[in-house]
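K.L.:
Please read through the structure below; I'll follow up with questions.
The values are calculated or read from the model by the stated rules, or taken from the named source; none is laboratory data. Quantities reported herein were computed from a predicted structural model and do not represent experimental measurements. Counting neighbours? That spans all protein chains shown, and the Cβs are built from the backbone with ideal geometry, glycine included. The accessibility values were calculated without ligands, DNA or RNA, using every heavy atom of the protein model including side chains. Shrake-Rupley method; radii C 1.70, N 1.55, O 1.52, S 1.80 Å.
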Amino acid sequence: MSRRKSASQFEEAMQELEQLVEQMERGELSLEESLKSFERGIKLTRTCQQALQEAEQKVQILLEKNGQQSLEPFNDE
């Protein structure tokens, strides 16, 4: 996955998550709608966490190379 695509997916997930939180905070959703929003929010949170972990691993690779400006693929398993 390209960095641009990953960043875009992260930003989209964060925006959707913010919208879900706002809707839930207003308290106007039914219990069923709230549960669906909560489940979607959990999925979005996991997507964001994964993107942040990947970015952290890339930064760590750069730091371990003593400041060389090259990125290497990493194993995300």
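K.L.:
Could you list, ordered by first residue, the pairs with Cβ atoms under 8 Å in which the first is in region 16-33 and free of Cβ contacts under 8 Å to residues at least 60 places away in the same chain and closer than 17 Å to residue 45 by Cα and the second is not in a helix (DSSP H, G or I) and not acidic (Asp, Glu), at least 6 apart or interchain?
P.N.:
23/29
K.L.:
Continuing with this model, one more query. For region 36-57, which positions are among the basic types (Lys, Arg) and within 10 Å of the chain's Cα centre (by Cα)?
P.N.:
Matches in region 36-57: 43, 46.
K.L.:
A further question on this structure: Exactly one of (1) open to solvent by less than 100 Å² (accessible area, probe 1.4 Å); (2) under 19 Å from residue 58 (Cβ atoms); (3) at pLDDT 90 or above is unmet by residue 40. Its number?
P.N.:
Status for residue 40: all satisfied but (2).
K.L.:
Moving to a separate point now. Do the conditions hold for residue 20, that is, is it in a helix (DSSP H, G or I) and at pLDDT 85 or above?
P.N.:
yes
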